[in-house]
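Read-outs: derived from the displayed coordinates by stated rules, not from any lab. Every value quoted in this text rests on a predicted model; they were computed, and no experiment measured them. Every residue, glycine among them, receives a Cβ derived from its backbone with ideal geometry; neighbour counts consider all protein chains shown.
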Amino acid sequence: MPGITKKQFPIGTIVYYGPDDKTTTKIVASVFLALDAPAIIKKWSGDNIVTDPQVIAELGSFFKENGVERVVMTGSNAGCPHEEGIDYPAGESCPNCVYWQKR
């Protein structure tokens, strides 16, 4: 992570995903305890998750439990909510999210 210093850890990330660039159906939050540490990841899926009070509370708790004081996040959806190799074959485009197929 360029520009991040050791004293800024742990740091959190939030990435939105959805079938297109405007409909968010998945949130992936990660915590990095150190520059070389593996991410601690938590995921939420569903309709209206960006405004769901339970998801917001769980997200806050996840970061608080891991000592996160700084969070970096996407401003819009970063891609398809389906996972390559899990929801569809690796190396292929998601058959459910036409919007992302040529991006």
TODO: Let me know the charge dipole size of the chain about its Cα centre in debye, to the nearest 20, where only the beta-carbon of Lys, Arg (+1) and Asp, Glu (-1) is charged.
DONE: 400
Open item on the list: Let's test this: bin the Cα-Cα distances of region 6-100 at 5 Å from zero up to the farthest pair and state each bin's percent.
Closed with: 3, 13, 21, 21, 18, 13, 8, 2, 0
- [ ] Report the antiparallel proportion of the DSSP beta bridges in region 6-100 as a percent, rounded to a multiple of 5.
- [x] 70
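Do the sum for the chain: with -39,500 (n - 2.57) for every DSSP H run of n ≥ 4, divided by all residues, what is the mean residue ellipticity at 222 nm, to the nearest 500 deg cm²/dmol?
Details: 1 runs with 13 residues, N = 103.
Value at 222 nm, helices only: -4000 deg cm²/dmol.
For Val98, Val31, what ranking results if the residue with the fewest other Cβ atoms within 10 Å of its Cβ goes first?
Details: Val98 12, Val31 21.
Ordered from fewest to most neighbouring Cβ atoms within 10 Å, Val98, Val31 come out as Val98, Val31.
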Task: Acute angle (nearest 10 degrees) that the helix 53-65 long axis makes with the longest principal axis of the chain, alpha-carbon atoms - done: 40
Open item on the list: For a quick check: sort Cys97, Cys80 by the number of other beta carbons within 10 angstrom, fewest at the front.
Closed with: Cys97, Cys80
